[in-house]
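Novice: To start, I am sharing the structure in question, which I have written as structure tokens.
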Amino acid sequence: MEPVDDAKSADPRHLVGTSNSLAEGGRIHAKIEGRYVSVLRLNGNLHAIDSICFHAGGPLGIGEIEDLNGKNCIICPWHHYKIDIETGEKYYQAGVWENGKMKPGAWQSNGVKQRVHSTIEENGNIYVTFSKGTLVDSDGYAYNVPCGERMKSAGDTNQARSQQAVGGDGRMPSGYVLRNNAAAAAQGYNVSGLYK
């Protein structure tokens, strides 16, 4: 039996790819010890976040990136939740009553909902170290195999994604589906089976 190298086995880092494999704006989706994680390179910085959305198991890792008051947020393609890629906080826009009408208010945080992990780029390799501590909502989906495999099979992960593109997984958002089905039904079309 070979001796165990304690220094090597104690290293909490996980190799996810090479520096050359992750272009600016690109992503790497990995399954590490059963946990699904997405690594993004944005403005020269690396970010790692649980790939599966805390809310309903959606493919968060393929979502568009949007600047929200100076915070880089990834948008879940299923329900358009905005998650800060640095902190894991979920943001929502509060409504305010003004002159008897509802108007959009300031963006506010619901708190940390998505786990983020630390990254390091060293000697041409990219490593992820899992964050530890208090449970966050995304921990409930982080190891879900059907959700994770759907996320990983979403297509080319090393392409920069447009901030204007709709539906990060190539499908129409639910609001469009419902509007299109309602419009088609109003025109007398049979809508059963549309937009599945």
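Novice: From the mean inverse distance of alpha carbon pairs (Kirkwood) and the Cα radius of gyration, derive Rg over Rh for the stretch 57-160.
Specialist: Reported Rg/Rh, Kirkwood definition of Rh: 1.04.
Novice: Starting from the Kirkwood Rh over alpha-carbon pairs, what translational D in µm² s⁻¹ does the stretch 1-103 have by Stokes-Einstein at 25 °C and 0.890 mPa s? Don't skip to the answer; put the middle values down first.
Specialist: Working: Rh = 16.0 Å.
Reported coefficient: 154 µm²/s.
Novice: Counting Lys +1, Arg +1, Asp -1, Glu -1, what net charge surrounds residue 31 among other residues with beta carbon under 12 Å of its beta carbon? Show your work: numbers first, answer last.
Specialist: Working: positive: 35, 152; negative: 33, 50, 149.
So the surrounding residues net to -1.
Novice: Something else now. Report the net charge of residues surrounding residue 54, where surrounding means a beta-carbon distance below 12 angstrom and charges are Lys +1, Arg +1, Asp -1, Glu -1.
Specialist: Within the 12 Å Cβ shell, the charges total -1.
Novice: In this model, which of 31/71; 90/132; 71/152 are farther than 23 Å apart at the alpha-carbon?
Specialist: Beyond 23 Å: 31/71; 71/152.
Novice: Can I ask one more? Whole-Hz ³J(HN,Hα) for each residue in the stretch 30-45, computed from phi via Karplus 6.51 cos²θ - 1.76 cosθ + 1.60 with θ = phi - 60°, x for glycine and proline: what do you get?
Specialist: Computed from phi, the couplings for the stretch 30-45 are 10, 10, 10, 6, x, 9, 8, 10, 10, 10, 10, 10, 9, 6, x, 9 Hz.
Every number in this text was worked out from the coordinates using simple rules, so none of it is lab data. All of these numbers come straight from a predicted model, not from anything done at the bench. When we count neighbours, we look across all protein chains shown, and the Cβ atoms used for this are built from the backbone with ideal geometry, even at glycine.
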